[in-house]
Amino acid sequence: MSTIRSTFALILMLLILPSAAMASDLPAYTPDANAPRSAVPEVYKWDLTALFATPEAWREEVAALQERVPALQAYQGKLADPSALKNCLDLYFALHDRASWITQYANLALDSELTDEALQARSQQGLAVMDELMAAAGFIRSEILALDERTLQVAYDDPAGPGEYRKYIDNLRRRASRILGDEAERVLQLAGDNLWAEIDLNEIPSPLEDAFGAVLSDITWPVIHDTEGNEVQLTLSNLGRFRASPDRAVRAETMAAFFATLRQFQHALAATLAGQFKLDVLFARARGYDTALEAYLDKDNIPVNVHDNLIAAVNANLEPLHRYVELRRQVMGLDTVHVYDLYVPLVAAAEMDVPYPRAMEILPEALAPLGPKYVERLRHGLDPRNGWIDVYPSDDKDSGAFSASVYGAHPYVKMNYQDSLDDLSTLAHEYGHALHSDLAMSRQPYQDHRYVPFLAEIASTCNEMLLSDYLVQTSESKEQKAGILAAELESIRTTIYRQTLFSEFERKVHGFVESGTPITATLLDETYAGLVRTYYGPGFTVDANDGMEWAYIPHFYYKYYVYAYATGLSSGMAIAERVKELGQPAVDGYLAMLEGGCSEPPLDLLKLAGVDLTRPTAIEAALKRFDRTVTELAGVLGVDVP
């Protein structure tokens, strides 16, 4: 969730961290993104031998797995028998577990050395093994769905039956009424329907998303001028930098030129987005859903009223955002605020270094409210000698950061740590994911350990909020405090308000498709610009081409995903507040949620942590905190915001 990480980086940029003893027994290293991987000390690289001791051992496992996969066919047509059903699922999940080790080992190795052709081939072979397994296991779902309730209950009651898989089976059958006949299912599959895929819906781009990307890649972006008046080629990569320039003329020119260029491709981009939304509606209707929203939320067992509550709660609390716009206007000395005025930091930031050994000490201090159990695992995972983390960049390592879990081993965290405060924030975020996976793996069987995307960003944002609170508490000057508060406001604006605006736009346009309204660039412009006016209020000026912003946002191809950013941050904030206010009882509930994996419906797991997203309470609380922070920052900066 890069939006949250980038904005929380601003929180960190002002803080002058107190000195403390470093982990002096770790070798000193100065990060260098252009250095070969061989230059990075081995201790700072993740330990893939926890998966396979050698590449040869990996190849042996691949061969062994391929020999075992055909054994699944012995159960085809026999899953009405309780013991056959259990034995089949035993074998399937055992094979899936080993296939996960195979693919993760190959993918993690490649991620750190992208151009190594041997590693590329190994990664492709690993993916092929997983594909082979999934093809061989295709009959399992259809046979389980074909079982009648009486047969299934008999199977559950049988001591030799599949009782341990009941949650998995029941969740699989939850949408049984949406399954069509074999021929219809085949047609939908060929058309790209992945409502029944075991993977995240957005891991495989649709052809229309690919077309959208192709249009953007073919655009020649305009030349703009930097603060020195020099001509600069605008690109999607440097858009963010010039959009946030302290020079208002630069950022105004940047956005005007960017949107005007998009305008030249408005009809092609409207066609790709309309095509994606029409496909969403087609797949939903084919399976008997009233709306695309219902279909795509139902995959993760999320009721539509969660989405309803989010949009309603945010729309009922737009006044704090209007106050924030007014705060920006006053602090920046503007007559009115435009879109290009939203991204420049309100408070200038100062760079400083946070070496990784120091980060190992800061994060446990910041996350201490989560209790000794959590902090102990955090310390263990942060210590590079334990093999979880690949710390530093190198010339052939992929960019960015992520966490990947391997059941029966431990999480793996990829960083490109360069001693910045932004990296410290990213580290907190990724270890939220890593500890979520670690705790779920420690308590759940394989089939119930992997949490759904809806829950994915809660642990990461909870960590970031606790880190933010820690930095507020340790700030030593008014300037530091102002920087922290300003960055927190921007985080909430971009993650709750902005992502909800995106989600409301997505819902409105799907609604147009569902009602038969033709989708044109003009309709998309008017709809988007209208939402911007409503959200940002009377003190915000919407310029002529601002409505074109819809045209370059890839999230609109992600099938009702962006709302989870807003609910995730709201939930993470609520949990952080509960932990601080209630102490151990709140910690216990939160850890129970993390340990739950996918053993219960996601909303039920979240309720263990004290958050009920069928009600607007958590979202309202987050926006009340936003409002209080506007008032607090205004006081620190000496301005009056009604």
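The values are calculated or read from the model by the stated rules, or taken from the named source; none is laboratory data. This is a predicted model, so every value here is computed, not measured. Neighbour counts are summed over all protein chains in view; Cβ atoms, including those assigned to glycine, are modelled from backbone coordinates with ideal geometry.
For the range 477-500, how many residues meet the condition of being surrounded by fewer than 23 Cβ atoms within 10 Å (Cβ to Cβ), among the aliphatic types (A, V, I, L, M) and at pLDDT 95 or above?
Counting residues in the range 477-500 that are surrounded by fewer than 23 Cβ atoms within 10 Å (Cβ to Cβ), among the aliphatic types (A, V, I, L, M) and at pLDDT 95 or above gives 0.
How do the pairs read when you match residues in the range 370-389 that are on the phi > 0 side of the Ramachandran plot with residues anywhere that are outside any helix (DSSP H, G or I) and modelled with pLDDT of 95 or more, using Cβ under 8 Å and keeping only pairs 6 or more apart or on different chains?
From residues that are on the phi > 0 side of the Ramachandran plot, the pairs are 387/46; 387/47; 387/410.
Give the residue, chosen from 457, 476, 464, that is under 30 Å from residue 365 (Cβ atoms), touching a residue at least 24 places away in the same chain (Cβ under 8 Å) and not in a helix (DSSP H, G or I).
Only one candidate qualifies: 476.
Assess whether residue 509 counts as being buried (at least 19 other Cβ atoms within 10 Å of the Cβ), of a type in the set (Val, Ile, Thr) and more than 20 Å from residue 324 (Cβ to Cβ).
yes
Test residue 484 against the criterion of being of a type in the set (A, V, I, L, M), within 15 Å of the chain's Cα centre (by Cα), at negative phi and part of a helix (DSSP H, G or I), and give yes or no.
For residue 484, the condition - of a type in the set (A, V, I, L, M), within 15 Å of the chain's Cα centre (by Cα), at negative phi and part of a helix (DSSP H, G or I) - is not met.
Looking only at the range 528-562, which residues are at pLDDT 95 or above, surrounded by 20 or more Cβ atoms within 10 Å (Cβ to Cβ) and among the hydroxyl-bearing types (Ser, Thr, Tyr)?
Scanning the range 528-562 gives 528, 535, 536.
Say we look at the range 158-191 and pick out the residues that are under 31 Å from the mean Cα position of the chain (by Cα), within 19 Å of residue 599 (Cα to Cα) and part of a loop (DSSP other than H, G, I, E, B); which of these is modelled with the lowest pLDDT?
175
Looking only at the range 464-498, which residues are under 16 Å from residue 323 (Cα atoms) and not acidic (Asp, Glu)?
Residues satisfying the conditions are 485, 486, 487, 489, 491, 492, 493, 494, 496, 497, 498.
If I filter the range 285-337 down to residues being free of Cβ contacts under 8 Å to residues at least 24 places away in the same chain, part of a loop (DSSP other than H, G, I, E, B) and acidic (Asp, Glu), which single residue comes out as nearest to residue 518 (Cα to Cα)?
Per the criteria, the residue is 290.
Here are some residues: 118, 135, 146. Which one is surrounded by fewer than 18 Cβ atoms within 10 Å (Cβ to Cβ), free of Cβ contacts under 8 Å to residues at least 24 places away in the same chain and closer than 30 Å to residue 397 by Cα?
Just one listed residue meets the conditions, 118.
Quick one: which residue in 346, 421 is in contact (Cβ under 8 Å) with a residue 24 or more places away in the chain, among the hydrophobic types (A, V, I, L, M, F, W, C), in contact with an Asp or Glu (Cβ under 9 Å, 6 or more places away or on another chain) and buried (at least 22 other Cβ atoms within 10 Å of the Cβ)?
Sole residue among the options that is in contact (Cβ under 8 Å) with a residue 24 or more places away in the chain, among the hydrophobic types (A, V, I, L, M, F, W, C), in contact with an Asp or Glu (Cβ under 9 Å, 6 or more places away or on another chain) and buried (at least 22 other Cβ atoms within 10 Å of the Cβ): 421.
Mind checking which helices (runs of 4 or more DSSP H) fall wholly inside the range 200-284 and carry at least 2 residues that are surrounded by 17 or more Cβ atoms within 10 Å (Cβ to Cβ) and β-branched (Val, Ile, Thr)?
248-263
Check residue 440 against each of (1) farther than 19 Å from residue 565 by Cα; (2) touching a strand residue (DSSP E or B) at 6+ places or on another chain (Cβ under 6 Å) and name the one condition it does not meet.
That leaves (2) as the condition not met.
Report the residue count in the range 623-640 for those that are closer than 24 Å to residue 370 by Cβ and either assigned to a loop (DSSP other than H, G, I, E, B) or out of contact with any Leu (no Cβ under 7 Å at 6 or more places or on another chain) (or both).
3
Among 565, 528, which is the only one that is in contact (Cβ under 8 Å) with a residue 60 or more places away in the chain and either aromatic (Phe, Trp, Tyr) or not in a helix (DSSP H, G or I) (or both)?
565
Just to verify a result, which residue in the range 572-588, among those that are under 17 Å from residue 435 (Cα atoms) and under 19 Å from the mean Cα position of the chain (by Cα), is surrounded by the fewest Cβ atoms within 10 Å (Cβ to Cβ)?
Per the criteria, the residue is 576.
Looking at the range 50-86 only, could you name the residues that are in contact (Cβ under 8 Å) with a residue 60 or more places away in the chain, part of a helix (DSSP H, G or I) and within 30 Å of residue 412 (Cα to Cα)?
50, 55, 58, 62, 65, 66, 69
Check the range 286-297 and report whether any residue there is of a type in the set (Gly, Ala, Ser), surrounded by 15 or more Cβ atoms within 10 Å (Cβ to Cβ), out of contact with any strand residue (DSSP E or B) (no Cβ under 9 Å at 6 or more places or on another chain) and within 30 Å of residue 345 (Cβ to Cβ).
no
What do you reckon, is residue 572 outside any helix (DSSP H, G or I) and either of a type in the set (Gly, Ala, Ser) or at pLDDT below 95 (or both)?
no
Return the residue satisfying two criteria in turn: it lies in the range 30-49 and is assigned to a helix (DSSP H, G or I) and of a type outside the set (D, E, K, R), and of such residues it is surrounded by the fewest Cβ atoms within 10 Å (Cβ to Cβ).
Filtering first and then ranking leaves 38.
Select from the range 576-622 the residues that are in a helix (DSSP H, G or I) and hydroxyl-bearing (Ser, Thr, Tyr) and write down the one among them that is farthest from residue 309 (Cα to Cα).
590
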